[in-house]
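One structure below.
Bear in mind these aren't lab numbers, they're just calculated from the coordinates by the rules spelled out. This structure is a prediction, so every number in the text was calculated from the model and none was measured. Here the Cβ is made from the backbone with ideal geometry for all residues, glycine too, and neighbour counts use every protein chain on show.
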Amino acid sequence: MKIVLQVSGGIGKSIAATAVCSAIKKHYKDSELIVISGYPDVLAPNPNVAMSLTHQNLNYFYPQHIEGRDTKLFLQDPYSEEDFIYQRGHLIKVWCEMYGVPYNGELPELYLTSKEKTQYAPLFASDKPILAMQTNGGISNQGDKYSWPRDLPMATAQKVVNAMKDEYNVVHIRRQDQLALQNVYPVQADFRALAVLISMTAKRLFIDSFAQHTAAALGMPSVVCWIANVPSQFGYEMHTNIIANPPTLRPELRNSVFSRYNITGQVTEFPYNNEDEIFDADKIIAALRGDKKAANKMGTKDLVEVK
């Protein structure tokens, strides 16, 4: 039996989908799983996936995989599910249950080949331990380079860099159209190369974007900062998840539909007096250093799973 799993959305969602692939193959052991996504490189070489296709690479798909067959079609988007909208469970759990597939805590999986490691590792050779940071997410060339519900405020990020730069080579994962930091090494590369980079790091500071999913898929605990989204829905218990400070202003939510905030960053929804109120940089630094005692002295209301 063939199963077709269709994945819409960004690269982080495709990485999360690898956990769904694992759950599907456990439940349908003899199935041939075909995945359609915008990021086929994420799903190869994944032993659970027989074929990884793009949305633009579907010539003759119907006669080859649908017509006259008993192919199961998993095409729905979990973001439209009631349990997802009401935050009743993790994205992966909702996704599996939507298809009637048992969820047993499966996590994302990435498989890096020895050739990839040999080819990409020299690009990131460092004379000091590497601290990788991803401070901004979203699509290329979006109107505003900073999205307050998702991105780490740049002043906060710069304070972290200034505190850590003597001990670590700070690598800033960012596109050319995204905001820059000082005293860092900016890196722009394809996904597989960035996965190798993340596998080489000693410390990691991410937002809810592809890098935190990649770190989870590689089994690498990281510090992840959260504003609009919540780790119980998009994050992982292995990470140290830092939740934004409570809002200090009442937001204007006229454009809210199925989520409280628009992830692209509506200015009218901004619930703080300024960006400095969102996070305490010292808490992030303490989490990166693994200094639980120092973090506790500052208060742990916004600091989860300090190790």
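Pairs K93/K117; K165/K203; K2/K26; K25/K72; K13/K128: which exceed 21 Å Cα-Cα?
Details: K93/K117 31 Å; K165/K203 12 Å; K2/K26 14 Å; K25/K72 13 Å; K13/K128 32 Å.
Result: K93/K117; K13/K128 exceed 21 Å.
Select from A23, F61, V94 the residue farthest towards the positive end of the dipole of the range 2-98; place +1 on Cβ of Lys and Arg, -1 on Cβ of Asp and Glu, and compute about the Cα centre.
A23
Translational D (Stokes-Einstein, µm²/s) of the range 56-206 at 10 °C and 1.306 mPa s when Rh comes from the Kirkwood sum over C-alpha pairs? Can you show the working numbers first?
Numbers: Rh = 19.0 Å.
It comes out at roughly 83 µm²/s.
Seen from all sides and averaged, what is the projected area of the convex hull of the Cα atoms in the range 179-273, in nm²? Kindly include the intermediate steps, with their values, before the conclusion.
Working: hull surface 31.3 nm².
Over all viewing directions, the range 179-273 projects a mean Cα-hull area of 7.8 nm².
Charges only on Cβ, +1 for Lys and Arg, -1 for Asp and Glu: so what's the dipole of the range 116-304 about the Cα centre, in debye to the nearest 20? Intermediate results must be reported in sequence, preceding the final value.
Working: 20 positive and 19 negative charges, 62 e Å.
Using only the charged Cβ atoms, the result is roughly 300 debye.
For the range 63-136, just run the numbers: alpha carbon Rg, then divide by 2.2 N^0.38 Å, N being how many residues it has.
On the way: Rg = 19.8 Å, N = 74, 2.2 N^0.38 = 11.3 Å.
Relative to the rule-of-thumb radius for its length, the range 63-136 sits at 1.76.
Kirkwood Rh, the range 2-98, all Cα pairs: how many Å? Working shown, then result.
Values: mean 1/r = 0.0725 Å⁻¹.
After inverting the pairwise mean of 1/r, the radius is 13.8 Å.
What angle, in degrees between 0 and 90 and rounded to the nearest 10, separates the Cα long axis of helix 11-27 from the longest principal axis of the Cα atoms of the chain?
Result, in degrees: 50.
Would you list T248, T71, T18 from fewest to most Cβ contacts within 10 Å? Before the final figure, lay out the partial values.
On the way: T248 11, T71 15, T18 24.
Least to most surrounded, the residues fall as T248, T71, T18.
Once you have all Cα-Cα distances for the chain, histogram them in 10 Å bins from zero and send the whole-percent values.
6, 26, 33, 24, 9, 2, 0
Exposure proxy check: Y261, Y28 ranked by fewest other beta carbons within 10 Å? Walk me through the numbers before you get to the answer.
Working: Y261 21, Y28 15.
Neighbour counts put them in this order, fewest first: Y28, Y261.
Please give the net charge around K117, taking every other residue with its beta carbon less than 15 angstrom from that of K117, where Lys and Arg add +1 and Asp and Glu add -1.
Working: positive: K115, R192; negative: E116, D190.
Residues close to K117 contribute a combined charge of 0.
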